[in-house]
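The values are calculated or read from the model by the stated rules, or taken from the named source; none is laboratory data. As the structure is a computational prediction, the values presented were derived from the model and not from experiment. Methodologically, a virtual Cβ is constructed for each residue, glycine included, from the backbone with ideal geometry; neighbour enumeration extends over all protein chains shown. These accessible areas exclude ligands, DNA and RNA; they are computed on the full protein's heavy atoms, side chains included. Shrake-Rupley method; radii C 1.70, N 1.55, O 1.52, S 1.80 Å.
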Amino acid sequence: MIWYPYEQMKTMKTPYKIVDAEGVYLYTEGQKLIDSVSSWWSAIHGYKHPELNRAIETQLRKFAHVMLGGLTHEPVQKLSDKLQSWLPGDLDYCFFSDSGSVAVEVALKIALQYFMNRDEARRTMVLALEHAYHGDTFKAMEVGDDEDYHFVLNAYGQSRYVVHIPTETGALEKAFAAYHDRLNCFIVEPLLQGAGGMRMYDVSFLKRARELCDQYGVLLIFDEVATGFGRTGNRFVADLVLPDILVLGKALTGGCIGHAVTVANRRVYEGFYDENPSHALMHGPTFMGNALACSAALKSIELFEQQGYMSKIRKIEAITRREMQGFSDPRVKEVRIMGACVCIEVYDPDTIAGYQQFACGRGVFSRPFLNYMYAMVPYIIREDELVAVLQTMKAWFAER
């Protein structure tokens, strides 16, 4: 029996069974649905992209996977080289893993050990954001701040090692004043907090965070698992403000295969580069650097570069703003738009109960949660398809 995610199995509705997928469409046995959430924001090229499939098939004829313990291979070398040349600043050192949650764990482990290697044993604390979501593994949950996902941690009580703050400069400065000599890192989802409610904030907060991290020697971590590859309207938010550690996943492989990477700058990497064996990073996911995933990631980046994806994202944002202009409803608290993300936040979650079924009846797959109805569409979506998604969102309020 399948144990499904984020569901009370006793009361869950029967999931939609997908028998095929192509472009922006998911196909059930009797219907086709525009996927308005890109398979949890990962399928930026849509489904069954011939070039992505070909890249995987070509590598599969050689081998699907070999471990990186004592071995290496061309796809992982090429992907590491590509990311080194493609990412900003000196974000040059790639540690691969098999999911975004694990990649966040690696980033947090690196930040802690970086200071342990320097005999700065007081730096055991992490600064994070309120409403943060960084994944469902244990340290990722600890730096997260959403009891709808992570209430299980109540069994341990409040963490002594994590401080959460709102995205307000005053709160940021106050936290650094109080904890700076005990912090090893500040971790954020930059500009857009995804599972915490599609919350959006200004880049000035990140710029001030960078200044304070520099002032007090704290590492700045950007979790761009959801925000990377254009979702905020920026290629990476790291292009605007440079972190010390960058975490990528989801769209890294175009949503084809699970894969992620934690990328460190030279300063961080050199904190481990030593003749002392105890200073090595003792971490090694079995499927890190998977050859099929690396091949898909290389082709995904190539498509992103060569097919003008940033212009596609700008068009998605422009169409979204046009279609949502003037939309209001007394049940709606706020409409938020950033890049290729739109969110309608309602006051009462009961307001959007049943929306998924309503949307499917109109040919759109959606997955609202809590108070949030949102869309994060594949970048290849046509204007008429995007309009259909947005009109469906508005129709729910007009017809209820």
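Of note:
- For region 17-26, the count of residues that are among the small types (G, A, S) and closer than 23 Å to A226 by Cβ is nonzero.
- Residue that is farthest from A291 (Cα to Cα) [pool: residues in region 102-127 that are among the small types (G, A, S) and buried (at least 24 other Cβ atoms within 10 Å of the Cβ)]: A111
- Residue under evaluation Q31, criteria (1) at pLDDT 95 or above; (2) open to solvent by less than 60 Å² (accessible area, probe 1.4 Å); (3) farther than 16 Å from S300 by Cβ, criterion not met: (2)
- Meets criteria (of a type in the set (D, E, K, R), closer than 24 Å to G194 by Cα, surrounded by fewer than 21 Cβ atoms within 10 Å (Cβ to Cβ) and touching a Pro at 6+ places or on another chain (Cβ under 6 Å)) for D146: no
- Those helices (runs of 4 or more DSSP H) of region 118-199 in which at least 1 residues are closer than 16 Å to E105 by Cα, considering only elements entirely within it, cover 138-143, 147-150.
- Set G249, G271, G254, G289: member being of a type outside the set (F, W, Y) and open to solvent by 10 Å² or more (accessible area, probe 1.4 Å): G271
- The strands (runs of 3 or more DSSP E) found entirely in region 321-400 that carry 3 or more residues being out of contact with any Lys or Arg (no Cβ under 8 Å at 6 or more places or on another chain) and not small (G, A, S) are 332-338, 372-375.
Here's the yes/no breakdown for (1) within 26 Å of L252 (Cα to Cα); (2) of a type outside the set (D, E, K, R); (3) free of Cβ contacts under 8 Å to residues at least 40 places away in the same chain:
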position: L79; (1), (2), (3): yes, yes, no
position: W86; (1), (2), (3): yes, yes, no
position: D90; (1), (2), (3): yes, no, no
position: D98; (1), (2), (3): yes, no, no
position: A107; (1), (2), (3): yes, yes, no
position: M116; (1), (2), (3): no, yes, yes
position: A128; (1), (2), (3): yes, yes, no
position: F151; (1), (2), (3): no, yes, yes
position: G157; (1), (2), (3): no, yes, yes
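- Qualifying positions in region 343-392 - β-branched (V, I, T) and buried (at least 16 other Cβ atoms within 10 Å of the Cβ): I344, V346, T351, I352, V364, V377, I380, I381, V389, T392
- Number of the exception - A318 against (1) open to solvent by 40 Å² or more (accessible area, probe 1.4 Å); (2) small (G, A, S); (3) farther than 22 Å from S36 by Cα: (3)
- Taking residues in region 349-372 that are closer than 25 Å to H131 by Cα, and partners anywhere that are charged (D, E, K, R) and modelled with pLDDT of 95 or more, the pairs with Cβ atoms closer than 7 Å and at least 6 places apart or on different chains are T351/R331; Q356/R367; N371/E345; Y372/E345.
- Test: residue in region 271-283 that is within 22 Å of E57 (Cβ to Cβ) and in a helix (DSSP H, G or I): no
- Within region 237-258, the residues that satisfy the criterion of being touching a strand residue (DSSP E or B) at 6+ places or on another chain (Cβ under 9 Å), in a loop (DSSP other than H, G, I, E, B) and under 16 Å from V104 (Cβ atoms) are P243, D244, G249.
- Within region 36-65, considering residues that are open to solvent by less than 10 Å² (accessible area, probe 1.4 Å) and either at pLDDT below 95 or not polar (S, T, N, Q) (or both), the one farthest from the chain's Cα centre (by Cα): L52
- When each of A132, A155, A140 is tested for being of a type in the set (A, V, I, L, M, F, W, C), over 27 Å from E270 (Cβ atoms) and open to solvent by less than 50 Å² (accessible area, probe 1.4 Å), the lone residue that passes is A132.
- Taken over region 321-340, residues that are open to solvent by 40 Å² or more (accessible area, probe 1.4 Å) and over 15 Å from V389 (Cβ atoms) amount to 7.
- Matching residues, region 337-390, being of a type in the set (K, R) and more than 25 Å from the chain's Cα centre (by Cα): R362
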